[in-house]
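Note sheet for the following structure.
The values are calculated or read from the model by the stated rules, or taken from the named source; none is laboratory data. Given the structure is predicted, the values throughout are model-derived calculations rather than measurements. When we count neighbours, we look across all protein chains shown, and the Cβ atoms used for this are built from the backbone with ideal geometry, even at glycine. Heads up: the accessible areas ignore ligands, DNA and RNA and are worked out on the full protein's heavy atoms, side chains in. Shrake-Rupley method; radii C 1.70, N 1.55, O 1.52, S 1.80 Å.
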Amino acid sequence: MRSFRDGDTIDVEPWRASAFPVIKDLVVDRSAFDRIIQAGGYITAPTGSAPEAHATPVPKADADFAFEHAECIGCGACVAACPNGAAMLFTSAKVNHLNVLPQGAPERETRVLDMVAQMDAEGFGGCTLAGECATACPKGIPLVSITGMNKEWLRAARKAGGR
Ligand code: SF4
């Protein structure tokens, strides 16, 4: 993720997220991310062998959007950089990646509601759109991804009747 020259002075930012408990020096437990994925970062469409590529048409703009968000590697740099210890950039990347695709449509509402609920349950901080996350992200997940997830959440909450 980063490269340094011999002799460089490195200031290591302390991890501030209680959802990432420190295991030892420079090592934290990021299994909270796994549980957020388990809450909704999947599709239930039968997969089997690889389908014909054009069997499910996906508009180019949607395919590009999905790929852009699928690049998230779950490194946690966004959480480490955030002054609130929030995990909104990670969670939004996972939600937006699947919610824009037809394969992810059956779980579109439950996905965003359940993943955000799990994110909150893990103890991540509240997002104030400080933007440090997007600056630190090695995969270039954009800050507007959070806006997209918030829109998805509002849409889903309204459909669920104010859940
Ligand atoms: S910093 Fe970027 S790549 Fe890493 S977990 Fe956050 S959103 Fe994903």
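Taking Cα centre as origin and charging only the Cβ of basic (Lys, Arg, +1) and acidic (Asp, Glu, -1) residues, the dipole magnitude of the range 1-113 rounds to 240 debye. Taking the chain, the Cys residues with no second Cys beta-carbon under 4.7 angstrom are C72, C75, C82, C127, C137.
The chymotrypsin sites (Phe, Trp or Tyr not before Pro) of the range 1-58 meeting both criteria, a DSSP state outside H, G, I, E and B (loop) and at most 10 other C-beta atoms within 10 angstrom of the site's C-beta, are F4. Between 0 and 90 degrees, the angle of helix 88-99 with respect to the longest Cα principal axis of the chain falls at about 20 degrees. What's the carbon and sulfur percent of the chain's accessible surface, probe 1.4 angstrom, rounded to a whole number? C and S fraction of accessible area: 55 percent.
With both labels modelled 7 Å from their Cα along Cα-to-Cβ, the F67 to A53 distance reads 1.1 nm. A Förster radius of 25 Å, combined with the Cβ-Cβ distance separating T147 from K60, puts the computed FRET efficiency at roughly 0.70. The accessible-area ordering, largest first, of the residues T128, T56, T9 stands as T9, T128, T56, per a 1.4 angstrom probe.
Given the convex hull over the Cα atoms of the chain, what projected area results after averaging over all orientations, in nm²? Write down the numbers at each step before the final one.
Numbers: hull surface 46.8 nm².
Seen from a random direction, the Cα hull of the chain projects 11.7 nm² on average.
Residues whose amide H comes within less than 5 Å of that of V28, counting only those at least five positions distant or on another chain, are I23 (H built at 1.01 Å from N in the peptide plane). Can you tell me the 0 to 90 degree angle between the C-alpha axis of helix 108-121 and the longest principal axis of the chain, rounded to 10? Approximately 20 degrees, to the nearest 10.
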